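What follows is a single structure, written as structure tokens, with notes after it.
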Amino acid sequence: MQTTPLTKNHKTRILLAEDNRVNQKFALLLLKKLGYQTDVVSNGAEALQALQSQSYDVVFMDVEMPEMDGLTATRQICEQWAAGERPRIIALTAYARRGDREQCLAAGMDDYMTKPIELPKLVQALQKVSDSHQGLT
């Protein structure tokens, strides 16, 4: 695997909202391999709580979760935080049906990834986060 500058000496704060333990472990393994530390929650309601207590640069948001799904959580995040103050939200979904991407973007998500997560796509998504923060400085 080729290492990008993004994977070294970065301070990106990541929240993973995912209810499936296997998917959690896999995502955490990939993120750790890239040098990231990640906080994990199991549903959208917990994601909202986490965002109220700490700021994150990016949230990987599973679309289908118990208690509060990712679309509902994303809509609430967009209502509570201004665009420049909220984290970048990346949809994670096992589905790749026609219209799913558009539904996620319409809810306020910034990007869309299908599961299982592929390392090159994960690096690309994180590079977009890094690029968006460089544009703010």
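The values are calculated or read from the model by the stated rules, or taken from the named source; none is laboratory data. Here the structure is a predicted model, which means the values were calculated and not measured. In this analysis, Cβ positions are derived from the backbone assuming ideal geometry, glycine residues included, and neighbour counts consider all displayed protein chains. The area values use the complete protein model at the heavy-atom level, side chains included, leaving out ligands, DNA and RNA. Shrake-Rupley method; radii C 1.70, N 1.55, O 1.52, S 1.80 Å.
Any residue at all in the stretch 125-136 that's out of contact with any helix residue (DSSP H, G or I) (no Cβ under 8 Å at 6 or more places or on another chain), aliphatic (A, V, I, L, M), touching a residue at least 24 places away in the same chain (Cβ under 8 Å) and open to solvent by 50 Å² or more (accessible area, probe 1.4 Å)?
yes
Yes/no per residue for (1) aromatic (Phe, Trp, Tyr); (2) under 23 Å from Lys121 (Cα atoms); (3) touching a Phe, Trp or Tyr at 6+ places or on another chain (Cβ under 8 Å); (4) modelled with pLDDT of 95 or more:
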| position | (1), (2), (3), (4) |
| --- | --- |
| Asp19 | no, yes, no, yes |
| Phe26 | yes, yes, no, yes |
| Lys33 | no, yes, no, no |
| Glu46 | no, no, no, yes |
| Ser53 | no, no, no, yes |
| Thr72 | no, no, no, yes |
| Gly84 | no, no, no, no |
| Ala91 | no, yes, yes, yes |
| Arg97 | no, yes, no, no |
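What tally of residues in the stretch 77-110 results from selecting those that are open to solvent by 60 Å² or more (accessible area, probe 1.4 Å) and polar (S, T, N, Q)?
2
Which one is nearest to Leu71 (Cα to Cα) among residues in the stretch 24-39 that are buried (at least 18 other Cβ atoms within 10 Å of the Cβ) and touching a residue at least 60 places away in the same chain (Cβ under 8 Å)?
Within the stretch 24-39, the match that is nearest to Leu71 (Cα to Cα) is Ala27.
I'm trying to understand the selection: among the residues of the stretch 57-76, which are surrounded by fewer than 17 Cβ atoms within 10 Å (Cβ to Cβ) and either in a strand (DSSP E or B) or in contact with a strand residue (DSSP E or B) (Cβ under 8 Å, 6 or more places away or on another chain) (or both)?
The one that is surrounded by fewer than 17 Cβ atoms within 10 Å (Cβ to Cβ) and either in a strand (DSSP E or B) or in contact with a strand residue (DSSP E or B) (Cβ under 8 Å, 6 or more places away or on another chain) (or both): Glu64.
Any idea which of Ala125, Ala106, Ala91, Ala96 is more than 24 Å from Arg21 (Cα to Cα) and of a type in the set (A, V, I, L, M, F, W, C)?
Working: Ala125 fails: more than 24 Å from Arg21 (Cα to Cα); Ala91 fails: more than 24 Å from Arg21 (Cα to Cα); Ala96 fails: more than 24 Å from Arg21 (Cα to Cα).
Exactly one of Ala125, Ala106, Ala91, Ala96 is more than 24 Å from Arg21 (Cα to Cα) and of a type in the set (A, V, I, L, M, F, W, C), namely Ala106.
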